[in-house]
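Here's the structure we're looking at; comments come further down.
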Amino acid sequence: MTFSFSETLVACDLCGGKDFAIRDAATRVMQCRRCGYRFTNPRPSQAEIAAAYSAPAQYDGWLAQDAGREIMWSRRWALVKQFAKGKRLLDVGAGIGTFLAHAHADGWDVTGTEISRSAIGIARERYGIALIEGQLEDIPTAGQFDLVTMWHVLEHLPSPSHAVTQCRDLLKTGGLMVVAVPNDSDARWRFQRLKNGKYMPYEELEPGKEIHLSHFTVRVLKRTLESRGFRVERATVDDHYPERSPRRDRLVATYRTVMAGTGMNLGVATLVLARAV
């Protein structure tokens, strides 16, 4: 299977601007000159992407890192539940359901969506969790959840602006939205050049790999949320490492301290917690 890159955006999804700069020609990454949003253009169709993520072996790598991922999800849930109030959780793009399993063990009523049939089967067999096959549009009612989470999902969706607006509609006022995405901030790229002596390029989109349609700086991600009914309460570094080590724990702690003091994210991923207003 190969991607056709048949979909082309003529306007920025976040601000409607139509003036784009080339960010990385080799991987088709563009940047909106008006708001700074970075995105792949042209891109694969949603049908192609869903088929790629439903491949039987798509999650073999995840399962091979099982012990480390359990720790990762446990730490993420421990952080989120400090800020979350209520008992109803929606996890968008829930993967194999591990985060939902941690929340459910704490007494939360959990719902998840997923486009990968492979992941849905694993979630059912491993945790007894029945995920909804599909997108946010398949959640039937509005204003019912206390917590909505997107763990490295927003960058995969065809319209981040639409997704964030839908999440606001699905949350009660005062509810919490949690978004983690890869960090595309310029501060990180400068730091990587300083450490490695070279620019770290984007990856070409291929079936079997992560399919990132968007690339968020901290500033753009926060503005995306704040302009669509949210108040950002915390922006930090996401502890995304499935392979655990004391060195990586120290690295995340150091990057979080730097970000808290300077606002610059030097880490690989960004985590934002925002309250629905």
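Would you please list the contacts, defined by Cβ atoms under 7 Å and residues six or more apart or on different chains, that run from a residue in the range 16-34 that is among the small types (G, A, S) to a residue that is modelled with pLDDT under 95?
Note: pairs meeting the criteria are A26/P201.
Hey, could you check the range 88-129 for residues that are aliphatic (A, V, I, L, M) and part of a helix (DSSP H, G or I) and say which is nearest to I211 (Cα to Cα)?
Across the range 88-129, the extreme among qualifying residues is A119.
Give the number of residues within the range 136-157 that are surrounded by 18 or more Cβ atoms within 10 Å (Cβ to Cβ), out of contact with any Pro (no Cβ under 9 Å at 6 or more places or on another chain) and of a type outside the set (D, E, K, R).
Total meeting the criteria: 11.
Just give me the residues in the range 130-178 being part of a strand (DSSP E or B) and touching a residue at least 60 places away in the same chain (Cβ under 8 Å), in sequence order.
D146, L147, T149, W151, L171, K172, T173, G174, G175, L176, M177, V178
From the set of residues in the range 211-238 that are of a type outside the set (S, T, N, Q) and assigned to a loop (DSSP other than H, G, I, E, B), which is surrounded by the most Cβ atoms within 10 Å (Cβ to Cβ)?
D238
The values are calculated or read from the model by the stated rules, or taken from the named source; none is laboratory data. All values reported here derive from a predicted model rather than from experimental measurement. Backbone-built Cβ (ideal geometry, glycine too); neighbour counts: all protein chains shown.
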